[in-house]
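J.: Take a look at this one; I'll ask things after.
The values are calculated or read from the model by the stated rules, or taken from the named source; none is laboratory data. Since this is a predicted model, take the numbers as computed values, not measurements. In this analysis, Cβ positions are derived from the backbone assuming ideal geometry, glycine residues included, and neighbour counts consider all displayed protein chains. For the accessible areas, the whole protein counts, side chains as well, though only heavy atoms, and no ligand, DNA or RNA atoms are used. Shrake-Rupley method; radii C 1.70, N 1.55, O 1.52, S 1.80 Å.
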Amino acid sequence: MAKDESVLVFTYKGLESLIKFNGSQSWKLNRKRALDCKYLICSNNTNHVLSENLNDHGQAFLVAKISNISRPLGTIFDDRWIIEFSEYAAINVPNFWKSWRNPVIYLPNSEIEIDFESLVFTPVPDRDFEHIEEVDKKERKYLNLPPLNEVHASANQDHKNSTDFLLTIDEAKVGLSNNYNIPEENIEIILRG
């Protein structure tokens, strides 16, 4: 299947942070459509309070080869996704973001004024979990959420007091897909009661 689309995101995270995450996360998106995209293109949102780059608003600064779409790292937005990538290329395309209303859009590669063939891609290093934890702390503070250790303590107590653990078949398929790196549509779950 030809991957003739790219997914574009408008992010406050900088190049260094995205590389440490091996992806761009906390996006509400169509997972199946995003998996069919070849590239992730990140543009700079300097207007966000947590922006890691206060210069060059709207500049495209990263093209990455999408490797997977998974649940996000950390615990803030469990209803969103991380667009993971295996290789990346730093770019500088001023005024790339065209004031699209949604921070996630899909465009045909033929309509994107980037010469993908001329880019030199670099493999991502191992994920930096210490950095991810620091970013999670900043985001939790910004959103007035309790520290992660308090959340885990509360969740553990709630779990001890509950005999119900609810998981849908779709959620199970997503988890199995991420764990075994196989497409959700290739997973069959049989319930016997």
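J.: For the range 21-35, check the following and say yes or no: at least one residue is charged (D, E, K, R) and crowded, with 20+ Cβ neighbours inside 10 Å.
T.: From the range 21-35, those charged (D, E, K, R) are 28, 31-33; that's our starting set.
Filter once more, keeping what is crowded, with 20+ Cβ neighbours inside 10 Å: none.
Among the residues of the range 21-35, not one is charged (D, E, K, R) and crowded, with 20+ Cβ neighbours inside 10 Å, which makes the answer no.
J.: Same structure, new question: How many residues does the range 100-119 hold that are within 15 Å of G58 (Cβ to Cβ) and over 19 Å from the mean Cα position of the chain (by Cα)?
T.: Qualifying residue count, the range 100-119: 3.
J.: For the range 120-144, how many residues are aliphatic (A, V, I, L, M) and either at pLDDT 95 or above or over 19 Å from the mean Cα position of the chain (by Cα) (or both)?
T.: Step one: of the range 120-144, the residues aliphatic (A, V, I, L, M) are 120, 124, 132, 135, 143.
Checking the rest, the ones that are also either at pLDDT 95 or above or over 19 Å from the mean Cα position of the chain (by Cα) (or both) come to 120, 124.
Qualifying residue count for the region: 2.
J.: Right, another one. Just need a number here: residues in the range 3-51 that are part of a strand (DSSP E or B), of a type in the set (S, T, Y) and at pLDDT below 95.
T.: We begin by selecting, within the range 3-51, every residue part of a strand (DSSP E or B); these are 5-11, 23-27, 39-44.
Retained after the next criterion (residues that are of a type in the set (S, T, Y)): 6, 11, 24, 26, 39, 43.
Within this subset, residues satisfying the condition of being at pLDDT below 95 are 26.
Of the residues in that region, 1 qualify.
J.: Against the condition outside any strand (DSSP E or B), surrounded by fewer than 21 Cβ atoms within 10 Å (Cβ to Cβ), on the phi < 0 side of the Ramachandran plot and at pLDDT 95 or above, how does S67 come out, does it pass? Spell out how you get there, then give the answer.
T.: Details: outside any strand (DSSP E or B): no; surrounded by fewer than 21 Cβ atoms within 10 Å (Cβ to Cβ): yes; on the phi < 0 side of the Ramachandran plot: yes; at pLDDT 95 or above: yes.
Answer is no for this residue.
J.: Search the range 134-156 for residues that are under 18 Å from K20 (Cβ atoms) and open to solvent by 60 Å² or more (accessible area, probe 1.4 Å) and pair each with any residue that is part of a loop (DSSP other than H, G, I, E, B) and at pLDDT 90 or above when their beta-carbon atoms are under 9 Å apart and the residues are at least 6 apart or on different chains.
T.: Cβ pairs passing all conditions: K138/L50.
J.: A further question on this structure: Just to be sure I understand, how many residues within the range 1-33 are over 17 Å from F77 (Cβ atoms), in contact with a Pro (Cβ under 8 Å, 6 or more places away or on another chain) and either free of Cβ contacts under 8 Å to residues at least 60 places away in the same chain or hydrophobic (A, V, I, L, M, F, W, C) (or both)?
T.: Final tally of qualifying residues: 1.
Per-residue answers, yes or no, for (1) open to solvent by 20 Å² or more (accessible area, probe 1.4 Å); (2) of a type in the set (V, I, T):
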site	(1), (2)
N53	yes, no
F77	yes, no
R80	yes, no
I83	no, yes
V93	yes, yes
T122	yes, yes
F129	yes, no
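J.: Return the residues of the range 100-118 that are open to solvent by 40 Å² or more (accessible area, probe 1.4 Å), touching a residue at least 24 places away in the same chain (Cβ under 8 Å) and not in a strand (DSSP E or B); say none if nothing qualifies.
T.: Listed by number, the residues that qualify are W100, P103, S110.
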